[in-house]
Every structure is written in structure tokens, then in C-alpha cells.
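Data block below; observations after.
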2 protein chains.
Amino acid sequence: MASTSEILTAERILAATEEVLRRHGPAKATVVDVARALGVSHGSVYRHFRTKAALREAVTKRWLDRTSQKLAVIAAASERDPEARLRDWLAALFEAKRHKAGDDPELFATYTVLTDENGGVVGEHIAELTAQLTGIITQGAGSGTFSVPDPAAAARAVFQATGRFHDPCYAREWTRPGVGEEFTAVVDLLVRGLR
Amino acid sequence: MASTSEILTAERILAATEEVLRRHGPAKATVVDVARALGVSHGSVYRHFRTKAALREAVTKRWLDRTSQKLAVIAAASERDPEARLRDWLAALFEAKRHKAGDDPELFATYTVLTDENGGVVGEHIAELTAQLTGIITQGAGSGTFSVPDPAAAARAVFQATGRFHDPCYAREWTRPGVGEEFTAVVDLLVRGLR
DNA sequence: CAGATGACAGATATTGAAATCTGTCATCTG
DNA sequence: CAGATGACAGATTTCAATATCTGTCATCTG
């Protein structure tokens, strides 16, 4: 059906897997489906990914990385005021998650299942985001905007305290009216605490 | 078996339901089981609770209320310093949840299922806790310890920002080493923000 | 010979028939 | 006659048989 003469790469398999997951959902997406979508035998898929779990993990990492990369741009804008950058970064994280959840709830639910089964990859993602936050806060501490003894600890605290606005387990709250104000209230409190 | 000549009250039914839930778990606990534990017919249970869902909701409310009542004692100690009281209240909430989750993980998992299916009761519980927090913060604002324009909004922000240390969806993090320090870091940041 | 294939064994998921449960109510009992 | 009972219909769950999937590997192909 979808057979193309292109070489079978890991990237093509990942893209096909994402599409199969979108169509069938996490419970019914099989390796055979992925192979069929690519017009190859399932044995060929196993040449690139040792197990189905490894394939799903790779797809999950790919999805999470897309978000970290967007945020890295804000974190790296070192010419800007650290406080504004911190606020923007947190707002961008919230917006990214909120749109993912709101625009295509089914796909978001699918990825929620995937992240639940891939704690390791999620851990790395959180470490990456926390590192970006640490960068912003360290600069703020250097410029005197913030007054914190341990920027890494402060970054972790800020990330954890804003969990309600980025952790998937709160996704259904993100459509309620007033979340915007709640987000602002929490961020204001945290920024005041950092100064 | 467990037949007694006592009058069948709502309270006795709730206690029996809790025991059946503890024994069988949320998926297998039936109204027939509850009736059997009490030595009555299941029709008698339906005389006190219109549906199985109403019975489970009442048990959930009872469980949540036990926590709010403990915390109310701390919130009401108006002779004490508001900042210390706020710290104690948050620590007590964390400790209460952490012990519930750590001492009997199976029962905690059972109640997690129950709270998931009873959003309304959980909402009331959160409203009650937020009201207690508002009381502490309002006093702190009055005595000049805290500087907040809107104590109720600040209370909501503090409650949400500490979600990681009381929301059941984070229960598995509560056993990790270092959570205590993470909790302190978040609370310190929030208290600094309130001053 | 690098890369793809598909038959195969064991693991997992689906399905539909049988068993159990929920909620009602006419009837019973102290 | 207030309160308890248990038979009952429809909804839900269980269970075992059947089908599908995962992961391997001997074989094939360009």
C-alpha cells in the first residue's frame, strides 16, 4: 500500500509509529500496524528497534524533545532581563502543554500513556528543563535580580511549584476559566520569593 | 457471621464499607459484600444509600474529612505566629498524606480510585483546606507578617504550588530520598514571596 | 553480504457465553 | 406500619476459547 522505494530509516519508522499511534491509540497500536503503514515486514522494524517498548520510548523522547527545544530558545536569550525571561519561559511551557492537550485531546491522552510507561525518558526531559531554568536563575543571581544561595535548588523548587501548569495529570484543569489568573498568581509569588 | 442486634445506621454501613474496600479493593468491593459483612440483605443497604456510587462517595467524604479536621486544629491556633503556623499546616498536610500513602499503600491506592470517581467531594475538600489556609494568611496580612493584596488568591496559589506534596498523583515521589528538602525549598520560596 | 522476509513459539488480547451484581419492589415481620 | 427481605430484570463482570501480536531466526534477494 504505502510502499515507497525509500530506504527504511529509524526516522521514517518513528514518523510512521506516531501516525499509527494517532490513528489507533496506545492500546491498539501494534508493531505489525507500523510495518504495514511502511509497506515492510515487521521483522524489518525489529532491525532498527530491539523491542516494541524501545520503539515507543523513542517516539516519546522525540515528542518531549520538541518541547524542550522550543523552550531552549527562550532560556538562551541571555541579553534579556532574567525575571522577564523566567516568566516567559514558564508561560511558554504552560502554553505548549495547554495547546497540546487542548488541540488534540486524544493524541495528548495517547502521549500521557506513553510518558507513564517511560519514566526514564520523562526524567531526562525534566532534568533538561530544570537545567534550562537553572541557567536563567543563575544569571538572575549574577545580575542581582534574584537572591538565591543555590540556583539549582531554586530551579527545582520553581519547576515543582508550577507542576499544576505543566504536569499532564492536571491537563483537565487547563481548560477551566480562571487558570490563567491562577498561573499568574503562582508565578508572581515565586518570583517575589526569588528576589 | 457478623450479625449483631444493633440498629442498622448509616455510620455502621460506612464502617463496614471501608472494611470491605480494605479487604477486596475498589474494583471487587460490592454492595452484596457490605451487606454480608453486616449480616443483612443488600436491600437494607439501599434503604440508607440510594446507589452504590452514593455509598462510595460517602465513604470518600468521611476519609477526606478526617484529614481536614486534623488540620483545622493547626489553622485555628490563632495565638501562634502566622508564618510558623503556615509552615506547620503545610508540613502537617504533607505528613498526613505521606503517612497514609506509606503505611498502607494498598488502602491508599483504593482511596485514590475513590477520589478519582468523586470529583465533587474532592472539590469540597479542597475548598475547605483552602479556606483554612486563607484564614492563616489573612491573619498574617493583618499582623503585618505577610504582605498580600488578596489572601484568598494567595491561599489558592500556595495550595496549588505545594500540590506535589499533597496531591495523590505524586504519591510515588513521596518515598524518594530528598523529598523533605524539596518540600522545604518550595515552602521557603513561597513564604518569602508572601512577606 | 547487508538488509529484508515470513514462519514460528510463546505471550497477550479479544470475544461471547455464563455468572454475578445493581437497583427495584411486592411482600413479610415485629 | 417502619423497616427488612429476597426474587427479579437489566447491566456488568468473569472466564476460557480463540485470535492476534511480539520477538527470533533460518532463509532469501539484489
* Structure fact -> Dividing the mean separation of Cα pairs under 8 Å (6+ apart) by the residue count of region A:40-195 yields a relative contact order in percent of 25 percent
* To do: Counting only C-alpha contacts under 8 Å and six or more residues apart, can you give the relative contact order of region B:35-109 as a whole percent?
  => 16 percent
* Structure fact -> Looking only at aspartates and glutamates whose Cα falls under 17 Å of A:LYS28's and that sit 8 or more positions away or on another chain, we get A:GLU18, A:GLU19, A:GLU57, A:GLU106, A:ASP116, A:GLU117
* Based on Cα positions only, what radius of gyration and what Dmax would you give for region B:1-51, in angstroms? -> 10.1, 30
* Structure fact -> Summing -39500 (n - 2.57) over every DSSP H run of at least 4 in chain A, dividing by its residue total and rounding to the nearest 500, the 222 nm mean residue ellipticity is -25000 deg cm²/dmol
* Using the alpha-carbon centroid of each, what span in Å lies between region B:121-191 and region B:1-67? -> 33 Å
* Going by alpha carbons, how many degrees (0 to 90, nearest 10) lie between the helix axis of A:119-143 and the longest principal axis of chain A? -> 30 degrees
* Structure fact -> Surpassing 19 Å at the alpha-carbon level, of the pairs B:LYS52/B:LYS97; B:LYS70/B:LYS100; A:LYS70/A:LYS100; A:LYS61/A:LYS97, are B:LYS52/B:LYS97
* Compute the whole-percent fraction of alpha carbon pairs in region B:1-147 spaced more than 22 Å apart. => 50 percent
* **Cα centre as origin, Lys/Arg/Asp/Glu Cβ charges: region B:25-133 dipole, Debye** => 460 debye
* Scattering from the C-alpha atoms of the protein assembly as shown alone, worked out with Debye: what is log10 I(q)/I(0) at q = 0.09, 0.11 1/Å? -> -0.68, -0.93
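Just so you know, all these numbers are worked out from the coordinates, no wet-lab data involved. Everything quoted here is computed from the prediction, not taken from an experiment. Virtual Cβ from ideal backbone geometry, glycine too; neighbours counted across all protein chains shown.
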